[in-house]
Amino acid sequence: MMMRYVVGVLLVGLFPVMPHAADEYGLIVEYQGDLVFNEAMLISAIVLTVTFIGIFTEMLHGIERVKVAAGGAVAMIIVGQFYGFYSPELAVVSVDWNVVFLLGAMMTVIAMMIPTGGFDMLAYRIANFSKGRLYLLLALIGTCVTVLSLLLDNVTTVVIFGPLIILIARAQKITPIPYLLAAALLSDTGGVATLVGDPPNLMIGSAANISFNDFAYHMVPPVFIAWIGVLILLKYLFKEELAETPADVSDYSTEVKNPRVWNASLIILGVMVVLFMLHHKFHWEPWFVAAIGMVSLMYVSRKIIMDNTFEHVEITLLVFFISLFMLVGGVEHSRFLMYIGQYITPFVQQDLLMATIILMWVGAVMSAAIDNIPFTAAMIPIIMSMETVGINVTPLWWGLAIGVGMGGNGTHIGSTANVFIVTISERLARNENDPSLRITPGLWFRKGLPVMLLTLVLSTIFFIVFWDFLSRPLA
């Protein structure tokens with residue numbers, strides 16, 4: 001029974017789905033009873049598998065991952081239309097535009113803030129405060145990233161800190177790699193603690209009707225323990241890099257070039273943080289909050305030429321995620337999820353603690369392989385269906401949140417934040433004509449996998465010790 005549960009969750013992760021309001025097109029069919037594996041499920045799984053193999057092996061064949069993802073999305077639409085389970089219209093619906101617009105808007109906001117010189121000032125002040133002690137510098141950056149990740153989603157956090165880290169590294173003539181990786185790893189870890197800290201958390205909270213306070217009450221303790229562990233582990237993972245001798249930056253000017261725009265942008269960011277926390281009360285999606293901030297800053301920065309600003313927006317990254325959502329959306333409509341779900345429920349009824357721990361670990365492995373958002377979307381309807389038959393699914397929500405959040409650390413495509421960090425490192429490597437500045441999939445695997453395993457071990461211990469606390473049904 002346990003093996004059937006593990007295989008079932010693994011298959012859900014390997015062949016994820018993205019549930020959306022596609023039923024308005026009349027192409028989603030409710031099914032009752034046992035599903036039979038069919039050719040449509042098989043072909044969608046093959047297209048997805050081949051595409052992800054291409055993404056992971058881009059260093060071998062030299063084809064950029066965005067090209068592979070776009071090709072896979074087109075292939076999924078074509079085969080889906082041929083077999084009758086997908087279409088171009090459904091592909092558009094399958095895209096999580098909230099993530100795309102949120103990321104694009106925040107990139108634009110940061111691009112407008114960079115010319116003010118405010119980030120340079122922050123970079124030099126942080127560098128001066130660390131006084132050449134690079135582990136202290138890493139810890140300071142990591143702490144700032146973690147705190148901000150409690151209030152903003154981790155994508156927004158790394159969008160803000162990525163350019164700042166590069167400025168610090170350039171000023172001190174050190175490699176930015178440890179600090180970029182630390183920012184992503186700690187934002188993934190810290191983001192698990194709150195409802196707004198990570199896109200999967202928002203999805204879980206919305207589906208399970210979990211409040212901001214309830215989510216933080218249950219998730220802050222295990223995340224804090226994991227965060228301490230990650231911060232200690234990073235000291236040993238980057239032992240050689242942290243032994244470098246940085247350049248003195250005490251003579252660098254810390255003057256802000258455009259204080260009016262910089263100060264206004266800080267106020268706008270503060271308002272955005274509050275609105276991110278309250279967006280449900282206004283019935284606004286997070287992307288709209290980001291759009292409000294972007295438009296407000298556009299009018300404050302009247303002399304900034306938007307053509308120059310948009311040059312700094314990572315269009316390649318946005319296209320990659322659009323293609324990814326279209327790709328995995330096809331698997332949804334092949335009904336592979338329904339087929340797998342029917343094998344999972346019996347084991348959960350038999351041993352809830354073991355099922356929760358397995359879900360956490362499998363969720364982590366699958367999120368590392370395919371990004372945590374698709375796997376979360378795949379598991380939500382399965383967990384909700386268990387609740388309808390009287391199962392206490394509360395601990396499953398916590399296990400899913402920790403699994404997909406911590407699992408995002410495992411690979412370079414494990415979370416949106418990771419992909420952004422990799423993208424800006426690639427751009428830096430091209431601009432500097434220095435391949436060593438590029439964060440490769442192999443480098444991320446060597447540094448991120450130990451972090452993922454450590455956080456999962458610590459979280460597993462926490463679940464076992466505090467099972468009564470975590471398994472208590474929400475009021």
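Odds and ends about this structure:
- In this structure the range 50-195 gives 32 Å² per residue of accessible area when probed at 1.4 Å with all protein chains present.
- Between helix 199-208 and the chain: long-axis angle, C-alpha atoms, 0 to 90°, nearest 10: 40 degrees
- Three principal axis extents describe the C-alpha atoms of the range 197-257; from largest down they are 52, 38, 17 Å.
- Each principal axis of the Cα cloud of the range 221-317 was evaluated for its coordinate range; sorted largest first, these ranges are 45, 42, 29 Å.
- Value of [θ]222 nm, deg cm²/dmol, for the chain, DSSP H segments ≥ 4, -39500 (n - 2.57) each, nearest 500: -23500 deg cm²/dmol
- Dividing the mean sequence gap of close Cα pairs (under 8 Å, 6+ apart) by how many residues the range 355-466 holds gives a relative contact order of 30 percent.
- In terms of overall dimensions, the C-alpha atoms belonging to the range 368-415 reach 38, 16, 9 Å along their principal axes, ordered largest to smallest.
- Centre-to-centre separation between the Cα atoms of the range 89-127 and those of the range 406-475: 20 Å.
- In this structure the range 228-289 gives 65 Å² per residue of accessible area when probed at 1.4 Å with all protein chains present.
- Protein accessible area in the range 116-193, 1.4 Å probe - carbon and sulfur %: 72 percent
- Accessible solvent surface per residue of the range 374-475, calculated while the other protein chains remain in place, 1.4 angstrom probe, Å²: 35 Å²
- Checked against a 22 Å cut-off, the cross-linked pairs 67/447; 131/173; 67/173 give Cα-Cα distances beyond that limit for 67/447; 67/173.
- Nearest 10 degrees, 0 to 90: helix 286-300 Cα axis against the chain principal axis: 20 degrees
- Stretching the chain fully between residue 306 and residue 391 yields a gain of 25.3 nm (0.36 nm per residue, less the alpha carbon separation).
- The portion of the accessible surface of the range 299-456 made up by carbon and sulfur, rounded to a whole percent, is 60 (1.4 Å probe; DNA, RNA and ligands excluded).
- Hull-based mean projected area of the range 280-385, where the convex hull spans the alpha carbons, in square nanometres: 10.2 nm²
- Intensity falloff of the chain expressed as log10 I(q)/I(0), Debye formula with alpha-carbon point scatterers, at q = 0.06, 0.09, 0.12 Å⁻¹: -0.26, -0.59, -1.05
- Using all pairs of distinct alpha-carbon atoms, the Kirkwood hydrodynamic radius of the range 53-115 works out to 14.2 angstrom.
- Rg/Rh for the range 391-475, where both radii come from Cα atoms and Rh is the Kirkwood radius: 1.18
- With the convex hull drawn over the C-alpha atoms of the range 435-475, the volume per residue is 91 Å³.
- Ranking of 122, 437 by solvent-accessible surface, largest first: 122, 437 (1.4 Å probe, protein heavy atoms only, all chains present).
- More than 16 Å apart - percent of Cα-Cα pairs taken over the range 342-405: 38 percent
The values are calculated or read from the model by the stated rules, or taken from the named source; none is laboratory data. As the structure is a computational prediction, the values presented were derived from the model and not from experiment. SASA here: full protein model, heavy atoms, side chains in, ligands and nucleic acids out. Shrake-Rupley method; radii C 1.70, N 1.55, O 1.52, S 1.80 Å.
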